[in-house]
């Protein structure tokens, strides 16, 4: 049944080429309109994504600075502790060497 309806439509369009041309023009206009809308949508999405990337980059840069400062302070604290521990170990080593030197002298 669908095949015979399609054959009737094709026969009609063959006998009336102006109608066929009008249908093709309408189809091209519909596709063109759809493409214009898609291009506009793509442009809007690009603008939104670029703005989002800029905003998150600024936010990430601020977070990075805070994190870097926190790590610097922690490194300073650990470095001070290590320096103090090293001084204590050196003092203990000096005392041990003095004791050994005095033990050899006796």
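Observations, loosely collected:
- Filter result for the condition that a residue is loosely packed, with under 10 Cβ neighbours inside 10 Å and out of contact with any helix residue (DSSP H, G or I) (no Cβ under 6 Å at 6 or more places or on another chain), over 37, 104: 104
- Contacts under 6 angstrom Cβ, first residue in the range 9-24 being on the phi > 0 side of the Ramachandran plot, partner modelled with pLDDT of 90 or more and surrounded by 11 or more Cβ atoms within 10 Å (Cβ to Cβ), 6 or more apart: none
The values are calculated or read from the model by the stated rules, or taken from the named source; none is laboratory data. Quick caveat: nothing in here was measured; it's all calculated off a predicted structure. Glycine also receives a Cβ, built like all others from the backbone with ideal geometry; neighbour counts cover every protein chain displayed.
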